[in-house]
Amino acid sequence: MTIFKKIIDHEIPADIVYEDDQCLAFRDISPQAPTHILVIPKKEITAVDALTEEDQMLVGHIFLVIQKIAKDEGLTDGFRVVTNNGQNACQTVPHLHFHLLGGRPFGWPPG
Ligand code: AMP
C-alpha cells in the first residue's frame, strides 16, 4: 500500500483541498512553488503507463478538477501540470498523481 492510498483512506493526515468520489487533491508536503497540489485518482493506478481504456473518463475528470483548483487558487498567470512516470522521471510514489504547480514563473526545458 502506498502513502497516497493511506491519505485516500484518511489513515494519515493531509491538507486536502478537494475530494469527490473519483479523486482527491492535497497540498504537497515539500512544495516546489507557492501552490503545489497533488491530484490523484482514488483508484489504485501506479502511473501513466498503467492506464487502460476504462480510465479515460477518470483522467479527463481529473483534468477538469485541476482546472477548478487552479481557478480556486487564483493561478491566473499560468500554471504547470506535471506527472512523473518511472525512474528516469523521478517518480517516487507509485500511485498516479498530477502535480499542479503555480504562483511563480517556471523554466523550460524542465530539469
Ligand atoms: P513524484 O516524485 O512525482 O512521485 O512526487 C511525489 C510527491 O509526493 C513529492 O512531491 C512529495 O513531496 C509528495 N509527498 C510524499 N509524501 C507526501 C505526503 N504524505 N503528503 C503530501 N505530499 C507527499
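Any read-out appearing in this document is the output of simple, stated calculations on the displayed coordinates, not a laboratory observation. Source: prediction; values computed, not measured. We place every Cβ from the backbone using ideal geometry, glycine too, and count neighbours over all the protein chains shown.
Remarks
- Cα shape, the chain, gyration tensor, a/c 1.5 rule: rounded
- Net lengthening on full extension, T92/F63 (0.36 nm per residue, minus Cα-Cα): 8.3 nm
- Since only T35, V48, C23 are under comparison, the one whose Cα sits farthest along the positive direction of the charge dipole of the stretch 1-68, derived from C-beta charges on Lys, Arg, Asp and Glu, is T35.
- Aspartates and glutamates with Cα under 20 Å of K6, excluding same-chain neighbours fewer than 8 positions away: D15, E19, D20, D21, D28, E44
- With θ taken as phi - 60° and the Karplus curve 6.51 cos²θ - 1.76 cosθ + 1.60 applied, the whole-hertz 3J(HN,Hα) list for the stretch 48-62 is 4, 6, 9, 5, 10, 4, 5, 8, 4, 5, 4, 5, x, 4, 4 Hz, x standing for glycine and proline.
- A simple charge model with +1 on the Cβ of Lys and Arg, -1 on the Cβ of Asp and Glu and nothing else charged puts the dipole of the chain at about 360 debye relative to its Cα centre.
- Straight-distance candidates among the lysines for linking to K5, with alpha-carbon spacing under 21 Å and chain neighbours fewer than 8 residues away dropped: K42, K43.
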